[in-house]
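Since the structure comes first, as structure tokens, the remarks are kept for the end.
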Amino acid sequence: MWQAKLRIISGLTLFAFVLTHLLNHAAGIISFQTQNQWQQWLLGPWQTDIGKVILLSAFVIHALNAVYSIYQHNSLKLAKWQLAQLITGLAIPFLLIEHIAGTFVAEELLRVNHEYMSVLAIFWHVDTTKAVTQVITLLVVWTHGCLGVHYWLRVHASYRKYQTSLLGIAVLIPTLALAGFISAGQQLLRDFSEEILLMHLAEANITADTTATISSWVSQGRWLLAAIILFPFVLRWLKRWLQQQATATITLANGQHIPLNREVTLLDNLRQYNISHAAVCGGRARCTTCRVRVLEGIDYIPPPSPLEQQALTKIKAPRDVRLACQSRPKGAITIQPLLAPKASPEESLKPGGLEGQEQEVAILFLDLRESTRLAEQRLPYDVLFILNQFFSEMTEALTQTQGHYAQFAGDGLMALYGIHGDNPQRACRQALKGAKTMLEKLDRLNRRVASELDKPLQIGIGLHFGRAIVGSMGPPTAEMVSAIGDDVNVAARLEGLSKQYQAPVIISAALAQQAGIKPPVTALHQASLKGRQDLVSCYALTKEDL
Ligand code: FES
């Protein structure tokens, strides 16, 4: 949280600096004398001692934040916009160092005067390649800043309303700045002879010696920057390597942990600790009764051998299902056996497991926000009264939309749509309708119990469409038809994003596609979900969007 806040505050500070810089460039459309006059108003505050401290702090914080993000991100498989932001962000220090060294640093250490006329004389008279670099720098910095601001604000409905106009302004500002930069440079060449320009540069202490000193700073600085940027990548690699070397464990779905022996198969690992596990063919990759779903750490198991792959293909196993008798995990994994330990030969080579079957289904997760706070502020009877009313409304919404109630979790529930093998599109549409009905019923409930609450009840809903093992599960006396699997976890984690994206409903792009709907593109996100390598496309929607 603090990290995100620091990134935003430092980013906005730098964005403000770049904006004033560009506006100052734009003044060159009038004349470079105007640029010099505007400089004291637009850039003057940044050149005071306090301004320099703020600017330098923002730069250091933003850069360190980026370095730390690279290090701690689970995966560097990024969405296109994130990749663009990362690349532009990494390029900025390399591009900007020459400008900073030649202006602010040189002024402090070499007593160089970097007023506009001196800078323009260097760009347009001494070395025009520097002018080209300056233009590229300007575009890269501005693009990076605009991407950051856009993806920060896009979850806000008010921003989405003005997005097109703001895009126009975002294009106009650098265009004017470039025009001003070129125009001022041309004016300088027109109005002053070479002798005067050289004399001016000499007065500003921009000599061959100071230029050589600045160049050597720049080349040394770029090496230092390269080392700083490489540092988090090296740390990431080291962290992963150390994790692989450390004693790893196998975690079973019931929470039991056993140490992992990397030299033997998963089945042998389980047997070493007397954990019963189905293996009708005795570990010959013929029966598939030893199949497990790998809930976490699938990448720590080397790809299936041709023999295992052949067996997996026969049961149409998804990527996260592996044969325990053939897999040799190299790191920590969490598994869910898919057949009972006493599986019979009849269950061999049949898809599915757990007396259920693997099928496509729409999954809905619902969570009541701040239920702990509610419990702390109310008497237990009041809380029970409100919760019972809440669940009564929500289950009514399920009944009305043919949703199947599949799990209860104190302040939330899971529901399934399409468990009877219905048409997938219909199942997804019903799930969306279910979410909308829940929100409508919540509004009604909030009006009814307004006097009991200091603020209205809020919910978060996650919706996803995918494959899951659907079957009867739970304690023998209280079995219910529910679902397990990776896609169920995705739905649960999407629900968790509703708070982050400040939207009551998060639906996966997979569900939107199956339902045949096209949510607003501005609501699209690429989310990184715990336990998944790849980003998941999802939409953050309001009741009106459904
Ligand atoms: S035990 Fe039969 S395939 Fe693994």
(request) State the Cα centre-to-centre distance between segment 102-140 and segment 484-517 in whole Å. (result) 50
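Within a Cβ distance under 12 Å of residue 302, other residues only, what is the Lys/Arg minus Asp/Glu net charge?
Details: positive: 262, 322, 328, 330; negative: 299, 308.
My count for the surroundings of residue 302 gives +2.
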(message) Can you divide the C-alpha Rg of the chain by 2.2 N^0.38 Å and report the result to two decimal places?
(response) 1.27
(message) Once R0 is set to 56 Å, what does the formula 1/(1 + (r/R0)^6) return for the Cβ-Cβ distance between residue 196 and residue 458, expressed as a FRET efficiency to the nearest 0.05?
(response) 0.25
(message) From the P(r) of segment 49-155, could you give the percentage of C-alpha pairs in the tail past 20 Å?
(response) 51
(request) Run the dipole for the chain about the Cα centre, Lys and Arg Cβ at +1, Asp and Glu Cβ at -1, nothing else charged, and hand back the magnitude in debye, nearest 20. (result) 1500
(request) Determine the calculated [θ] at 222 nm for the chain from helices alone, applying -39500 (n - 2.57) to every DSSP H run no shorter than 4 residues and normalising by the residue count; nearest 500 deg cm²/dmol. (result) -18000 deg cm²/dmol
(request) Would you mind working out the accessible area per residue for the chain, using a 1.4 Å probe, and quoting it in Å²? (result) 52
(request) For residue 330, list the lysines whose Cα falls under 27 Å from its own Cα; do not include residues on the same chain fewer than 8 positions away. (result) 77, 239, 314, 316, 530
(message) Give me P(r) over segment 2-243, computed from all C-alpha to C-alpha distances, binned every 10 Å, as integer percentages.
(response) 7, 27, 35, 21, 9, 2, 0
(message) Based on alpha-carbon centroids, what's the gap between segment 150-199 and segment 370-435 in Å, whole number please?
(response) 52
(request) For the chain, with all protein chains present and a 1.4 Å probe, just round the carbon and sulfur fraction of the accessible area to a whole percent. (result) 60
(request) Quick one: angle between helix 128-153 and the longest Cα principal axis of the chain, in degrees between 0 and 90, rounded to 10, please. (result) 40
(request) Place the peptides 430-438, 130-138 in order of packing, highest mean first, counting for every residue the other Cβ atoms within 10 Å and averaging per peptide. (result) 430-438, 130-138
(request) Starting from the coordinates of the alpha-carbon atoms of segment 395-536, obtain the Kirkwood hydrodynamic radius over all distinct pairs and give the value in Å to one decimal. (result) 16.1
(message) Expected output is a single nm value to one decimal: the length gained when fully extending between residue 309 and residue 385, i.e. 0.36 nm times separation in residues minus the C-alpha distance. What is it?
(response) 22.0 nm
(request) May I ask for the net charge around residue 434, where only other residues with Cβ less than 13 Å from the Cβ of residue 434 are counted and Lys, Arg are +1 while Asp, Glu are -1? (result) +3
(request) Could you name the aspartates and glutamates whose alpha carbon sits less than 20 Å from that of residue 455, not counting residues in the same chain fewer than 8 places away? (result) 367, 370, 376, 382, 393, 411, 440, 443
(message) Taking the alpha-carbon distance from residue 433 and a cut-off under 14 Å, which aspartates and glutamates remain once sequence neighbours fewer than 8 residues away in the same chain are dropped?
(response) 396, 544, 545
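The values are calculated or read from the model by the stated rules, or taken from the named source; none is laboratory data. The structure presented is a predicted model; accordingly, all values stated were derived computationally and were not measured. For neighbour counting, all protein chains shown are included, and Cβ atoms are generated from backbone atoms with ideal geometry for every residue, glycine included. Surface accessibility is based on the protein's heavy atoms, side chains included, excluding ligands, DNA and RNA. Shrake-Rupley method; radii C 1.70, N 1.55, O 1.52, S 1.80 Å.
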